[in-house]
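Undergrad: Take a look at this one; I'll ask things after.
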């Protein structure tokens with residue numbers, strides 16, 4: 001059943017004394033994201049310990065603003081805080097993207113079993129609503145500005161629908177200011193705003209035209225002003241415009257940039273901005289100058305590949321209008337850093353593609369180079385074409401394209417050749433020399449922006465000290481030499497940018513080593529050594545069948561799975577956990593899956609305390625414990641599965 005409007009006979013039965021009723025309680029949840037290219041966990045853990053994540057859930061804050069004012073609303077982001085086990089709520093709303101689907105499914109099951117009315121929405125629910133059939137009470141499909149208030153009204157009348165579908169693009173001029181007051185902004189490095197939705201281009205692999213259409217729609221400048229005014233008192237300095245292409249409608253983009261420049265001058269430049277734009281911005285000097293004057297410090301470009309045949313195949317015609325390398329350097333010359341996405345796996349790609357990609361990325365100086373495998377997202381032209389040609393793998397879930405797997409079957413190389421070449425390219429890009437070379441190739445063209453930089457409250461000296469002591473020095477003499485080489489003959493005013501690139505490089509390097517590269521022989525031998533120590537420590541429980549240990553050596557990352565089968569002695573369990581702690585410290589690419597089926601009496605508190613101590617291993621530990629949320633585990637620090645799997 002698809003509900004869009006409340007029937008007139010229901011409206012006639014509204015209780016005129018409804019003001020005396022208890023307000024409806026709504027809890028909105030952003031599920032924990034698995035580690036990905038964009039997590040930057042190393043930088044958050046080692047350099048910015050007071051920050052827990054990069055971006056807050058802007059969609060949930062917008063949804064809260066669309067909710068009736070008399071409702072009681074709370075927002076929980078599992079990436080920065082634990083989820084409530086028994087929230088004081090009537091409705092649990094869960095958002096998220098495809099990469100969060102597995103955690104969404106667990107949370108939907110958990111809260112629905114507890115008797116809450118659970119609602120699912122977000123980009124993946126809009127692309128694949130059938131994936132949530134039987135999991136949620138209500139599914140929100142499409143943009144929420146019109147259908148979310150309709151759901152709220154229906155819920156108040158006691159007739160919530162099963163699915164609310166918004167088939168047409170909405171007018172953003174009626175979108176309210178997000179409820180930033182419900183977000184814990186101090187836990188994020190960056191705040192988020194949105195000016196427009198939609199993109200005029202039709203790249204074959206992209207889901208943006210499917211979700212938001214090809215005709216860009218924008219908010220008014222008054223709306224942007226209100227949102228900036230809501231953010232300014234919070235002390236946030238870094239702001240990301242999440243638009244998929246800020247210059248999709250250039251006349252309004254120019255008006256926005258002119259307004260932002262005036263706003264920055266009036267308020268003494270409180271913000272540093274970043275956003276996503278198309279590469280052809282480099283051919284518009286006037287718009288680029290306005291971008292610089294408005295205080296944009298970085299842009300994300302969808303370069304994808306330097307291969308013209310692959311760009312043509314993908315429908316990325318806007319990238320064919322100028323030399324891509326020259327375009328990147330134009331941004332540098334305007335004091336704007338470049339992040340970019342690159343893709344391997346187009347039909348024209350061969351084994352030689354990896355070398356071409358490496359040469360281009362190195363020459364361009366792009367440090368935050370998101371290299372991914374071509375992935376087919378449902379409802380995109382690419383997905384439909386490959387489905388017709390029987391070239392989709394059903395064993396790979398579309399979501400994160402930087403994890404070393406894809407649902408696309410390549411045409412001019414085997415799947416194994418593609419994934420192996422991808423892993424090797426990622427490894428080459430994250431060597432100390434490659435990081436330093438890209439910094440030098442960037443800074444030789446970089447011109448400092450005249451707009452003052454905002455440091456977002458972080459003391460530069462303390463961050464630099466942590467970078468040197470926790471990153472550079474631990475990398476050995478080769479890393480120290482590469483670091484000094486990257487600063488050689490570089491203006492001191494640009495050293496901060498070099499250090500930012502080193503922080504990004506270390507983060508990407510750690511992610512690549514753990515999730516993309518095959519474990520080395522040395523790492524496998526180290527794992528075997530620690531496993532033998534663990535087995536010796538636990539020889540009695542193992543002999544009696546209390547515990548089972550499996551080491552999945554050839555997975556990425558290497559995974560140790562430990563299952564507590566029966567109630568073993570508390571002394572044995574505590575000894576095991578202490579040994580696991582040493583193992584995680586000594587083997588940095590190991591991931592631990594701890595399956596707790598039955599614990600000794602009185603050990604629940606000890607296990608929770610032990611897990612709390614593993615904050616710096618948070619992305620490497622998964623706990624599978626029946627109704628794990630019930631046991632008070634902080635799911636923002638360790639991944640939690642709420643149902644035991646054997």
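Undergrad: Please find the FRET efficiency linking residue 69 to residue 220, where r is the Cβ-Cβ separation and R0 is fixed at 22 Å, and quote it to the nearest 0.05.
TA: Working from the Cβ atoms, E equals 0.50.
Undergrad: Over the stretch 190-272, what relative contact order in percent results from Cα pairs under 8 Å that are six or more residues apart?
TA: 37 percent
Undergrad: Can you give the direction-averaged projected area of the convex hull of the alpha-carbon atoms in the stretch 8-165, in nm²?
TA: About 10.3 nm², averaged over all directions.
Undergrad: Looking at the stretch 190-399, what % of its DSSP beta bridges pair antiparallel, to the nearest 5?
TA: Around 10 percent antiparallel, to the nearest 5.
Undergrad: D for the stretch 311-352, whole µm²/s, Stokes-Einstein with Kirkwood Rh over alpha-carbon pairs at 10 °C and 1.306 mPa s: what number?
TA: 130 µm²/s
Undergrad: With a 10 Å Cβ neighbour count serving as the proxy for reagent exposure, in which order, fewest first, do 622, 234 appear? Before the final figure, lay out each step's value.
TA: Working: 622 17, 234 13.
With the sparsest Cβ surroundings first, the list reads 234, 622.
Undergrad: If each residue's Cβ is checked for other Cβ atoms within 10 Å, how do 406, 275 rank with the fewest at the top?
TA: The most exposed by this proxy come first: 275, 406.
Undergrad: Give or take rounding to whole Å, what are the principal axis extents of the alpha carbon atoms in the stretch 190-399, in descending order?
TA: Between the extreme Cα coordinates on each principal axis of the stretch 190-399 lie 56, 34, 29 Å.
Undergrad: Please tell me the relative contact order of the chain in percent, rounded to the nearest whole number, where contacts are Cα pairs under 8 Å and at least six residues apart.
TA: It rounds to 12 percent for the chain.
Undergrad: Give the percent of DSSP beta bridges with both residues in the chain that are antiparallel, rounded to the nearest 5.
TA: Values: 9 of 66 bridges.
Percentage antiparallel, nearest 5: 15.
Undergrad: Continuing with the same structure: Return the calculated 222 nm mean residue ellipticity for the chain, to the nearest 500 deg cm²/dmol, obtained by summing -39500 (n - 2.57) across DSSP H runs with n ≥ 4 and dividing by the residue count.
TA: -11000 deg cm²/dmol
Undergrad: Now a separate question. Just rank 201, 515, 415, fewest to most, by other beta-carbon atoms within 10 angstrom.
TA: Placing the least packed residue first, the sequence is 415, 201, 515.
Undergrad: Also: Can you give the FRET efficiency for residue 462 and residue 581, using 1/(1 + (r/R0)^6), R0 = 45 Å, r = Cβ-Cβ distance, to the nearest 0.05?
TA: 0.95
Undergrad: Could you tell me whether the stretch 125-254 comes out rounded, prolate or oblate from its Cα gyration tensor? Rule is a ≥ b ≥ c as square roots of the eigenvalues, rounded for a/c under 1.5, then prolate if a/b exceeds b/c, otherwise oblate.
TA: Oblate, since a/c reaches 1.5 and b/c is not below a/b.
Rule-based calculations on the coordinates, nothing more; no lab input. On a predicted model such as this, the values are computed, not experimentally measured, just so you know. Neighbour counts are summed over all protein chains in view; Cβ atoms, including those assigned to glycine, are modelled from backbone coordinates with ideal geometry.
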